[in-house]
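Q: I'd like to ask some things about the structure below.
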Amino acid sequence: MGLGGCYSCIKYVMFAFNLIFWLVGCALLGVGIWALVDKTFSDKFDNPELSSFLQTMAIAMCVVGGIIMLVGFCGCCGAIKESQCMLTIFFIFLTIFFVALVGVGIWGLVNKESLQDLISDSLAASIAKYDTDSAAKSYMNGIQSSFSCCGNKLGLVDYIFAGSDPTKAGCSIDTITTGCSNAIFKAFEDNLVMVAAITIGVGVVMLLGMIFSMMLCCAIRDSQAV
C-alpha cells in the first residue's frame with residue numbers, strides 16, 4: 001500500500017533533497033581528485049606542512065564526497081522505493097555527518113591559531129625565496145594583491161629580514177606596513193559570521209533530513225502493517 005497525503009509529499013521532497021545531496025558528493029569527489037592529480041596545485045605553496053595539509057584535505061574531500069554520494073543514493077532509493085532499510089542507513093549516516101559537523105566546528109574554534117601559524121610559515125618560506133623562485137614570487141604577489149597587504153607579519157620589513165630585495169617586493173605604498181598573515185586571518189574572522197550561518201544552515205537541513213527519514217520509515221511501517 002502506497003503512502004498518501006503529506007507523507008507522499010515528504011517522499012518526493014526527500015527524493016529531491018537527496019538528489020542534490022548526491023550531486024554535491026559528486027562535486028566534492030571531483031574537486032578532491034583534481035587537487036590530488038594536479039601536482040602544480042600543491043607546488044604553489046612553498047611550505048611542506050601546508051602542502052601536506054592541503055593534500056590531506058583533498059583526500060578527505062574524496063572520502064567525504066564518496067560517502068555523500070552513497071548516502072544520497074540510499075536516500076533517493078529509500079524514498080522512491082519506500083525502503084525502510086535504505087532510509088535507516090540514510091538516517092544513520094546523516095547522524096554521523098551532523099556529529100562530525102559539530103566536531104569540526106569545535107576543532108576550528110580551538111585550533112584557529114594553529115592555522116594562522118601555518119599561513120605565516122608558508123608566507124615566510126615564500127618571502128625567503130622571492131628573488132630566486134618564480135613560483136614563490138607569483139604566490140606572494142597573488143596574496144599581496146588579493147588581501148591588500150605586504151610580507152608576512154611586519155610588512156615590507158619582512159623582505160629585509162629575509163635578505164630579499166624590498167624594492168622588488170611588489171607591495172603598494174599604502175600596504176607596506178600591513179602584514180599578510182594578519183590580513184588573511186582578519187578576512188577569515190570578518191567572514192566568520194557567514195561561515196557560521198552556512199554551517200548552521202547545513203546543520204538544520206541535516207536535522208530536517210533525519211526527521212523526514214524517520215517520519216517516512218514510520219509511515220512505511222504503518223502502511224505495510226495495514
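Q: Could you give the length gained by full extension between L19 and I67, i.e. 0.36 nm per residue of separation minus their alpha carbon distance, to one decimal place?
A: The L19-I67 span can extend by a further 15.9 nm.
Q: Pop a pseudo-label 7 angstrom from the Cα along the beta-carbon direction at both V104 and M194 and give the gap in nm to one decimal.
A: Roughly 1.8 nm, to one decimal.
Q: Once every DSSP H run of n ≥ 4 in the chain is given -39500 (n - 2.57) and the sum is divided by its residues, what mean residue ellipticity at 222 nm do you get, rounded to the nearest 500 deg cm²/dmol?
A: About -27000 deg cm²/dmol.
Q: Given labels modelled 7 Å from the Cα in the Cβ direction, how far is it in nm from S172 to S145?
A: It works out to 1.2 nm between the two label points.
Q: Would you rank C218, C77, C180, C85 by solvent-accessible area, highest first, keeping every protein chain in place and using a 1.4 Å probe?
A: Solvent-accessible surface, decreasing: C85, C218, C77, C180.
Q: Once the Cβ-Cβ distance between V31 and T56 is put in as r, and R0 is 22 Å, what FRET efficiency do you end up with, to the nearest 0.05?
A: 0.95
Q: Separate question: Kindly count the pairs of lysines across the chain whose alpha carbons are less than 22 Å apart, treating pairs on different chains or eight or more residues apart as eligible.
A: The result is 16.
Q: If you plug each phi of the range 88-104 into the Karplus form 6.51 cos²θ - 1.76 cosθ + 1.60 with θ = phi - 60°, what whole-Hz ³J(HN,Hα) values come out, in order, with x for Gly and Pro?
A: 5, 4, 4, 4, 4, 5, 5, 5, 4, 4, 5, 5, 5, 4, 5, x, 5
Q: Label C85 and S114 with points 7 Å out from Cα along Cα→Cβ: what is the distance between them in nm?
A: 4.1 nm
Q: For Cα pairs less than 8 Å apart in space and 6+ apart in sequence, what is the mean separation divided by the residue count of the range 97-226, i.e. the relative contact order in percent?
A: Relative contact order comes out at 22 percent.
Q: Another one. Could you give each residue of the range 16-30 its phi-based ³J(HN,Hα) in whole Hz, using Karplus coefficients 6.51, -1.76, 1.60 with θ = phi - 60°, and x for Gly or Pro?
A: Values per residue, Gly and Pro as x: 5, 4, 6, 5, 5, 4, 5, 5, 4, x, 4, 5, 4, 4, x Hz.
Q: Let me ask something additional. In degrees from 0 to 90, rounded to the nearest 10, what is the angle of the helix 48-80 Cα long axis to the longest principal axis of the chain?
A: Roughly 20 degrees, rounded to the nearest 10.
The values are calculated or read from the model by the stated rules, or taken from the named source; none is laboratory data. This is a predicted model, so every value here is computed, not measured. Methodologically, a virtual Cβ is constructed for each residue, glycine included, from the backbone with ideal geometry; neighbour enumeration extends over all protein chains shown. Surface areas here come from the heavy atoms of the whole protein model, side chains and all, with no ligands, DNA or RNA. Shrake-Rupley method; radii C 1.70, N 1.55, O 1.52, S 1.80 Å.
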